[in-house]
Amino acid sequence: MRFTLPRDIYYGPGTLEELKNLGGEKAMLVVGGGSMKRQGFLDKAVQYLKDGGMEVEVFEGVEPDPSVETVMRGAEAMKEFEPDWIVSMGGGSPIDAAKAMWTFYEYPETTFEELTIPFNFPELRKKAKFAAIPTTSGTATEVTAFSVITDYDKGIKYPLADFNITPDVAIVDPDLVGALPKNQIAFTGMDALTHAIEAYVSTMNSPYTDPLALQAIEMVLDYLPTSFYGNLDAREQMHYAQCLAGMAFSNALLGIVHSMAHKTGAAFSTGHIPHGEANAIYLPYVIQYNAKEPEAAARYAEIARRMGLEGTSQKALINSLIDKIREYNVKLGIPKSLQEFGIEEEEFKNKVGEIAELAVGDACTGSNPRAIEPEAMEKLLTAAYYGDEVDF
Ligand code: FE
């Protein structure tokens, strides 16, 4: 068994300045679209790196859901520039892309196919170390062993997983999330809650991950609504909470809420379902399904008990947890079902069989506390479509 985290996590307002102290010669800074640039944080990051005596090159424009091509272009740029630090700043995407670029920079002969085998990476840090700076509060990729890269030719999102790509340094600076749009605060916050709950009930849960998961759940419940309503102190706490949840799930893995979100996110013609919003919709249904498994039921009840939710029996405690999640979804304007979200019934019925198969095959299904077959997955997705209770 193994528990892996970044060596250093700097947190607090203004900690972006820690870039001065990385202690290298050349930094490749990988970033996404314009929001950090517009807010002046890109210039600041470059200046801090220069103040630290480093030569800096910026790789800009990593798209949301980064492609294999972008990864290869970034790796080429790194081969040219030869950085000894890779610094990535952004929502999940630029950091995920930079993790893969880093791997191809160190091992140009490796193939993308080889990297899609979980925990099969070559040993990194022969050429560079890696720092990550999140600018949203949800994916926690700054502390995780994961990266998601899309092969647009094949139309497949590949989750890459290996502790080699757990960053060396994470800088969790709440100043960078002060201007997040409201819906992103809601969705990424519920994504973080899902990470913590799935990690806590995962078959890979451990005494090392449990405290992180519980603390993250408590902080999300305490701070997400006020952060959503605009309180910046709460926003800061949410930034830390999502990071703690990431530390838990990077080591304990996730479950079928994520399997379902991954395979439904881009499945319908009516539009993309944002990742965190999909998780928030599915979470109560999955708790009902998983709670038929005694160990999972005990763990959900334990979450409720630790959070001070009401209930004297195990069943009552689990119901309190489900009610609490539903209450948060209502507060945050998240629909109760896929139908309410706006997915058309005919299209759903036509596609649910295939989606169920794909969801069962998702990388997150293996650590779910209750086993699931495509038939039950189809029933579960159907319950989440119509807003029905799950009792099977
Ligand atoms: Fe997630």
Protection-proxy order for peptides 11-19, 91-99, each taking the mean of Cβ atoms within 10 Å per residue, highest first: 91-99, 11-19
Equivalent ellipsoid, the range 106-159 (semi-axes from 5 times Cα gyration tensor eigenvalues, Å): 20, 19, 10
For the range 152-233, diffusion coefficient by Stokes-Einstein and Kirkwood Rh (Cα), 4 °C, 1.567 mPa s, µm²/s: 85
Cα convex hull of the range 45-90, projected area averaged across orientations, nm²: 3.4
More than 26 Å apart - percent of Cα-Cα pairs taken over the chain: 50
Candidates LEU232, LEU193, LEU212: whichever shows maximal mean-square fluctuation once the chain is modelled as a Gaussian network with Cα springs under 10 Å: LEU232
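Counting only other residues whose beta carbon sits under 9 Å from that of PHE121, what net charge do I get with K and R as +1, D and E as -1?
Values: positive: none; negative: GLU114, GLU123, ASP162.
Here the charged neighbours net out to -3.
Relative contact order for the range 348-392: what is it in percent, counting Cα pairs under 8 Å that are at least 6 residues apart? Present the calculation step by step, with values, prior to reporting the outcome.
Values: 22 pairs, mean separation 18.1, N = 45.
Dividing the mean separation by the residue count of the range 348-392 yields 40 percent.
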In degrees, nearest ten, helix 275-290 long axis to first principal axis of the chain (Cα): 40
Rounded, prolate or oblate (a/c below 1.5 giving rounded, otherwise prolate when a/b exceeds b/c) for the range 77-132 by Cα gyration tensor: oblate
Counted charge near ALA252, where neighbours are those whose Cβ lies closer than 11 Å (Asp, Glu -1; Lys, Arg +1): -2
Within straight-line cross-link reach of LYS129, lysines at Cα separation under 29 Å, skipping those fewer than 8 residues along the same chain: LYS20, LYS26, LYS37, LYS44, LYS50, LYS79, LYS99, LYS157
Kirkwood Rh and Cα Rg combined as Rg/Rh, the range 112-200: 1.01
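Treat every Asp and Glu Cβ in the chain as -1 and every Lys and Arg Cβ as +1, leave all other atoms uncharged, and give the resulting dipole magnitude about the Cα centre to the nearest 20 debye. List each step's numbers first, then the result.
Working: 33 positive and 57 negative charges, 149 e Å.
Dipole magnitude for the chain comes out near 720 debye.
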The chain: calculated mean residue ellipticity at 222 nm from DSSP helix runs of at least 4, using -39500 (n - 2.57): -16000 deg cm²/dmol
Cα-based Rg of the range 8-177 normalised by 2.2 N^0.38 Å, two decimals: 0.94
Value of relative contact order over the chain, rounded to a whole percent, pairs C-alpha under 8 Å and six or more apart: 14
Set of the range 72-97 residues, backbone N closer than 20 Å to the point 7 Å along the Cα-Cβ line of ARG7: 83-89
PHE163, PHE119, reordered so the largest accessible area comes first (probe 1.4 Å): PHE119, PHE163
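Multiply the residue gap between THR270 and ARG305 by 0.36 nm, knock off their C-alpha separation, and tell me the result in nm, one decimal place.
Values: separation 35, 0.36 × 35 = 12.60 nm, distance 3.95 nm.
Residue separation times 0.36 nm, minus the Cα-Cα distance, leaves 8.6 nm.
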Estimated distance in nm for a label pair at GLN47 and TYR386, the labels positioned 7 Å out from Cα along Cα-to-Cβ: 6.0
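At 1.4 Å probe size, with the rest of the protein present, what percent of the exposed accessible area of the chain is carbon and sulfur atoms? Kindly include the intermediate steps, with their values, before the conclusion.
Working: 7870 of 15970 Å².
On the chain, the fraction of accessible area on carbon and sulfur atoms equals 49 percent.
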For the chain, with +1 on Lys and Arg beta carbons and -1 on Asp and Glu, the positive-most of LEU332, GLN215, LEU19 along the dipole: GLN215
Listed residues GLY342, PRO118, ALA179: farthest to the positive end of the dipole of the chain (Cβ charges): ALA179
Prolate/oblate/rounded call for the range 182-386, Cα gyration tensor, a/c under 1.5 rounded: oblate
Dipole axis of the range 255-392 (+1 Lys, Arg; -1 Asp, Glu on Cβ), positive-most option in ILE256, ALA376, THR312: THR312
Highest-MSF residue in the chain out of ALA297, ALA131, ALA252 [GNM, Cα springs under 10 Å]: ALA297
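Charges at C-beta only: +1 for Lys and Arg, -1 for Asp and Glu. How large is the resulting dipole of the range 301-392 about its Cα centre, in Debye rounded to 20? Before the final figure, lay out the partial values.
Values: 11 positive and 18 negative charges, 134 e Å.
Here the range 301-392 has a charge dipole of around 640 debye.
For the chain, what is the accessible area per residue in Å² when the probe is 1.4 Å?
Details: 15970 Å² over 392 residues.
Result: 41 Å² per residue.
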Formal net charge of residues neighbouring ASP65 (Cβ-Cβ distance under 10 Å; K, R +1; D, E -1): -1
Reachable lysines, given that their alpha-carbon falls under 25 Å from the alpha-carbon of LYS331 and they are not under 8 places away in the same chain: LYS182, LYS315
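The values are calculated or read from the model by the stated rules, or taken from the named source; none is laboratory data. It should be emphasised that the depicted structure is a prediction, and the values quoted were computed from it without experimental measurement. When we count neighbours, we look across all protein chains shown, and the Cβ atoms used for this are built from the backbone with ideal geometry, even at glycine. Just so you know, the surface numbers come from the protein's heavy atoms only, side chains and all, with ligands and any DNA or RNA stripped out. Shrake-Rupley method; radii C 1.70, N 1.55, O 1.52, S 1.80 Å.
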